[in-house]
Ligand code: UD1
């Protein structure tokens, strides 16, 4: 398995292009299942999670044509052959569950394995199931698979979510586009990826209002058509690279970045003494003094501080002046990067969903283990600041969500290289 070797202490200067959002692409791709006509996605990130979703859709008979090295994808669900999402693919990635809503909506049936994905908590599917049942589906769990049917089709309903789950909101939103009548999702997730999905579905002919707020109203239509849609900028990749110059000095402009995608995160950076300026091309970031200041962070659903930037923020706070408290409210078991950061000299104490980080003057390079997607990139960031060499092992997690990380960072001056595994 490949590893990434970083030698710390090199200041970063220049521009980093930010890719299309992984989490948006992973819900836009299954939206193709709703229509017989082709869906063309542009600005698709080149990631292994996208390959996994491609394999899953192809296993259902979807034709996926990649162009421009994978940046453009044309998906056609004209000749589907299956409505079963097999365990062998689903176990690799939780987002595979996003085929459930569209399959039920157009084919009135779906068999979907319960998902795997990052080891960051239980991540059940009860919210998805309860919501689709309110729309007339019958769902049973047998042999690790959800067997879902909606004879006569899904019906519009009032669908209150007990928690603003991103995936459940996406599944219901897609399902409701072809349901009979009106669906109102209450306590809907408000993430930019949901707004992006709603825009794409609308381009396909869906009738949707209220995306980006807690109440989304969908008027079902008989069928959806063809569309072309650009994937929104990846706010998590954006936030990750915004942090890079804070670790080792310099000034980095993240191309394609927009403040409204990272407002809560940028507010914390400001408190920590990091300047974020909007430019014509993106966001420019620079540390004001020579060391960030401690700040407390609580992860929350959007527009709050994203859980997917918690590990990276923790890495920064390891080097801050003072003590910070990080509270993880979205996932249990999402501090697996803490023991690895401690191996690099960080002072972190984890108790339940709370981590206390006492800033230290410096980190030291060490061999470390990537345990999940965001944890792995937090170790690379820490490596940018650490004295000596940091080797991040098991980087397959990284490749799920960051395209060409070593190329993007070395282009702005980092000393970083991928070492192929044996
Ligand atoms: C999505 C993102 C992921 C991000 C997360 C939270 C994708 C592909 N992934 O994941 O990167 O970290 O949002 O912003 O978009 N839950 C239940 N029952 C359910 C569904 C969820 O209890 O039926 C719980 C989960 O265990 C978790 C919390 O709700 O504790 C948030 O999950 P959810 O918002 O659904 O996240 P995902 O859509 O899986």
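All of the numbers you see were taken from the coordinates with simple rules; none came from a lab. This structure is a prediction, so every number in the text was calculated from the model and none was measured. In this analysis, Cβ positions are derived from the backbone assuming ideal geometry, glycine residues included, and neighbour counts consider all displayed protein chains.
Between the stretch 118-184 and the stretch 350-422, how far is it from one alpha carbon centroid to the other, in angstrom?
36
Taking only C-alpha pairs under 8 Å that are 6+ residues apart, what is the relative contact order of the chain in percent?
Worked out over the chain, it gives 21 percent.
Rounded to the nearest 0.05, what FRET efficiency do residue 411 and residue 149 have when you use their Cβ-Cβ distance and R0 = 56 Å?
It comes out at approximately 0.65.
What share of all Cα pairs of the chain, in percent, falls into each consecutive 20 Å distance bin?
28, 55, 17, 0
Just order 324-330, 61-67 by mean Cβ neighbour count inside 10 Å, highest at the front, would you?
324-330, 61-67
Mind jotting down the distance between the C-alpha centroids of the stretch 1-69 and the stretch 217-289, whole Å?
The two parts, judged by their Cα centres, are 18 Å apart.
Just from its helices, what would the mean residue ellipticity at 222 nm be for the chain, if runs of 4 or more DSSP H residues each count -39500 (n - 2.57) and the sum is divided by every residue, rounded to the nearest 500 deg cm²/dmol?
So the calculated ellipticity at 222 nm is -8500 deg cm²/dmol.
Between residue 51 and residue 215, what is the spin-label point distance in nm, taking each point 7 Å from the Cα along the Cα→C-beta axis?
4.6
Give me the Kirkwood hydrodynamic radius of the stretch 321-366, using the inverse of the mean 1/r over all pairs of distinct Cα atoms, in Å to one decimal.
The answer is 11.1 Å.
Can you compute the FRET efficiency between residue 279 and residue 404 using 1/(1 + (r/R0)^6), with r the Cβ-Cβ distance and R0 = 22 Å? Round to the nearest 0.05.
Efficiency, rounded to the nearest 0.05: 0.45.
Kirkwood Rh over Cα pairs of the stretch 22-230 into Stokes-Einstein at 4 °C, 1.567 mPa s: D in µm²/s?
In µm²/s, the coefficient rounds to 79.
Would you compute, for the Cα atoms of the stretch 291-372, the largest minus smallest coordinate along each principal axis and list the three values in descending order, in whole Å?
Computed over the stretch 291-372, the largest-to-smallest principal extents equal 34, 27, 20 Å.
Expressed in whole Å with the largest first, what are the equivalent ellipsoid semi-axes of the stretch 153-259 derived from the C-alpha gyration tensor as the square root of 5 times each eigenvalue?
Gyration-tensor ellipsoid for the stretch 153-259: 34, 16, 8 Å.
As an exercise, find the ratio Rg/Rh for the stretch 1-125 from alpha-carbon atoms, using the Kirkwood inverse-distance average for Rh.
Taking Rh as the inverse mean 1/r over Cα pairs, Rg/Rh reads 1.05.
Work out the FRET efficiency for residue 141 and residue 349 from their Cβ-Cβ distance, taking R0 = 56 Å, and round it to the nearest 0.05.
Working from the Cβ atoms, E equals 0.90.
When the label point is put 7 Å from the Cα of residue 271 along its Cα-to-beta-carbon vector, which residues of the stretch 282-301 have a backbone N closer than 12 Å?
Of the residues in the stretch 282-301, 293-299 have backbone N under 12 Å from the label point off residue 271.
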